[in-house]
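Step one of this worksheet: look at the structure below.
The values are calculated or read from the model by the stated rules, or taken from the named source; none is laboratory data. Computed from a predicted structure; not experimentally measured. Methodologically, a virtual Cβ is constructed for each residue, glycine included, from the backbone with ideal geometry; neighbour enumeration extends over all protein chains shown. Heavy atoms of the whole protein, side chains included, go into the accessibility calculation; ligands, DNA and RNA do not. Shrake-Rupley method; radii C 1.70, N 1.55, O 1.52, S 1.80 Å.
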Amino acid sequence: MRLRFRSGALLCALALSAAALGATGCGRSGSPPLRGPRPGEPPRYAVDSRFSLPSSPTWRAARERGRLTIGVKEDQPGMGEMNPATGAYSGFDIEIARMLAASLGFDPRRDIRYRPIASANRETALQNGQVDYYVGTYTINEGRKKLVGFAGPYYTAGQKLLVRRGERDITGPRNLAGRKVCSAVGSTPLQRIEADYPEADAVAYDSYAICVDNLLNDQVDAVTTDDTILLGYAAKDPGKLKVVGRAFSDEPYGVGVPKSDKALARALDTALAARERNGDWKRAYDVTLGLSGVPAPEPPRIDRSLTS
């Protein structure tokens with residue numbers, strides 16, 4: 001395996017003038033332009049106006065202020081993305097956040113404030129009360145359970161591969177010998193490729209967006225990370241990109257809550273179960289990740305032991 005680190009900014013500086021950089025977007029942060037289907041109309045979630053949870057200090061504080069503050073991602077297409085032109089948020093995680101807010105008695109159209117929180121700051125934000133709950137590709141694991149509480153999981157992600165639409169030979173990680181596989185610098189998916197599939201030619205860039213740009217430009221053969229992120233990129237350009245193979249990791253996404261507020265976690269579990277039964281969960285998937293062409297999976301079983 002040959003690991004090559006490449007800085008997107010450096011490559012663009014060598015290849016393009018500043019004017020060309022602005023025109024092509026090479027090396028910029030963010031995501032490729034939307035060329036495929038536009039995001040669908042978000043579902044409208046029935047608000048439970050009679051809901052009350054006085055045993056939850058988080059819910060009581062939110063009710064007193066008149067809104068929920070929800071931690072999210074703002075740079076993950078298909079999951080949690082902010083439109084810089086309008087400030088609007090979209091994605092599957094955003095829909096999960098909205099439907100849960102409605103179940104807690106808050107109108108998603110006016111009673112939510114989204115707060116983008118970087119991955120490294122999620123636990124601190126929940127511990128310090130900066131957010132009431134967090135929905136943002138937040139994998140439930142033993143280390144995090146020592147610091148925060150969780151509801152869910154609401155989705156089980158896994159590492160997969162994003163390839164060009166016409167690719168026929170790459171169907172999974174065992175087909176990567178001698179092929180250039182791109183992931184983000186320092187990421188767990190990159191480390192897994194290095195450790196488990198050393199015959200691959202691993203290429204590291206500063207962001208997944210740069211990896212995808214280089215995939216579209218035939219500079220790499222595949223991009224790898226959680227399938228949710230890959231599905232988001234595929235949904236933006238379904239005529240040119242597709243997600244292939246079975247997942248080769250297990251990433252259960254949960255809703256992060258303050259560790260001491262088990263009442264809130266149990267209420268969110270109940271809300272998730274209800275939204276799965278009435279079809280809201282699938283409707284949320286269909287207008288976000290479903291634009292990739294991959295049908296909605298069965299929701300994972302909710303782990304009630306997390307709130308016991």
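Brief remarks follow.
- Some residue of the stretch 209-226 being out of contact with any Lys or Arg (no Cβ under 9 Å at 6 or more places or on another chain) and under 17 Å from Y138 (Cα atoms): no
- Hits in the stretch 47-59 - residues which are surrounded by 13 or more Cβ atoms within 10 Å (Cβ to Cβ) and either in contact with a His (Cβ under 8 Å, 6 or more places away or on another chain) or not hydroxyl-bearing (S, T, Y) (or both): V47, D48, F51, L53, P57, W59
- Restricted to the stretch 102-197, the set of helices (runs of 4 or more DSSP H) holding at least 1 residues that are touching a Pro at 6+ places or on another chain (Cβ under 8 Å) and surrounded by fewer than 19 Cβ atoms within 10 Å (Cβ to Cβ) comprises 122-127, 188-196.
- Pairing each residue of the stretch 105-119 that is under 19 Å from M79 (Cβ atoms) with any residue that is part of a loop (DSSP other than H, G, I, E, B) and of a type in the set (A, V, I, L, M), provided the two are 6+ apart or on different chains, yields C-beta distances under 7 Å for R115/V131; I117/V131.
- Here is the figure for the stretch 239-259: residues that are more than 28 Å from V131 (Cα to Cα) and open to solvent by 30 Å² or more (accessible area, probe 1.4 Å) total 8.
- First in the stretch 49-70 and over 18 Å from G256 (Cα atoms) and in the same structural domain as G105 (by TED's automatic domain parsing), second anywhere and assigned to a loop (DSSP other than H, G, I, E, B) and not charged (D, E, K, R), Cβ under 8 Å, 6 or more apart: R63/G105
- Filter result for A222 (at pLDDT 95 or above, within 21 Å of the chain's Cα centre (by Cα) and surrounded by 19 or more Cβ atoms within 10 Å (Cβ to Cβ)): yes
- Residues of the stretch 198-218 that are in contact (Cβ under 8 Å) with a residue 60 or more places away in the chain, buried (at least 16 other Cβ atoms within 10 Å of the Cβ) and either more than 19 Å from K240 (Cα to Cα) or of a type in the set (S, T, Y) (or both): A200, D201, A202, V203, A204, Y205, D206, S207.
- Residue within the stretch 256-263 that is in the same structural domain as G136 (by TED's automatic domain parsing), of a type in the set (K, R) and under 25 Å from R122 (Cβ atoms) present: yes
- Only listed residue being aromatic (F, W, Y) and in the same structural domain as L264 (by TED's automatic domain parsing), chosen from Y197, Y133: Y133
- Note on the stretch 88-101: residues that are open to solvent by less than 40 Å² (accessible area, probe 1.4 Å) and over 9 Å from the mean Cα position of the chain (by Cα) amount to 8.
- All told, A235 falls short of being closer than 21 Å to G71 by Cα and in a helix (DSSP H, G or I).
- Evaluation of V287 against (1) touching a helix residue (DSSP H, G or I) at 6+ places or on another chain (Cβ under 6 Å); (2) of a type in the set (V, I, T); (3) open to solvent by 10 Å² or more (accessible area, probe 1.4 Å); (4) at pLDDT below 95 (one fails), failing number: (1)
- Cross-chain or 6+ apart pairs with Cβ under 6 Å, the stretch 133-150 first and in contact (Cβ under 8 Å) with a residue 12 or more places away in the chain, then of a type in the set (K, R) and surrounded by 13 or more Cβ atoms within 10 Å (Cβ to Cβ): Y134/R122; G136/K73; V148/K259; G149/K259
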